[in-house]
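Below is one structure; the comments refer to it alone.
Any read-out appearing in this document is the output of simple, stated calculations on the displayed coordinates, not a laboratory observation. From a predicted model like this one, the values you see are computed outputs, not experimental measurements. Cβ sites come from the backbone with ideal geometry, for glycine too, and all protein chains shown count toward neighbours.
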């Protein structure tokens, strides 16, 4: 009975540590870039509500630079190792595709010439950001 109880306690302790946040969670260059992207997206929403076409374009250009920087990093949600396993490589490829889709949407926004085009691009940005956020965001609240 004692061995079973001890095994259960050890199993639980290993399980909880497996779900704990990575020590670098939120403290990487990619995390900083993603924070800037989040701020830019909020600023774009505000500018869109006030129909400030020029401000939207200005912020979109900053956002595009951040998206292009994000493409250079591997999210901690995939790995913190230099070498990727086949599974991690597939996840990284998914990340790169998501960043490419976001980049296309932001480029559409920077090239928009009217409100309708801006709204369409903003919708694409929102969808791409939500999908990527859901797939790769780490829970740093541990």
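Numbers for the structure displayed
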{"item": "The stretch 24-136, relative contact order in percent, only Cα pairs under 8 angstrom and at least six apart counted", "result": "25"}
{"item": "Peptides ranked, highest mean first, by Cβ atoms within 10 Å: ranges 102-113, 50-61", "result": "102-113, 50-61"}
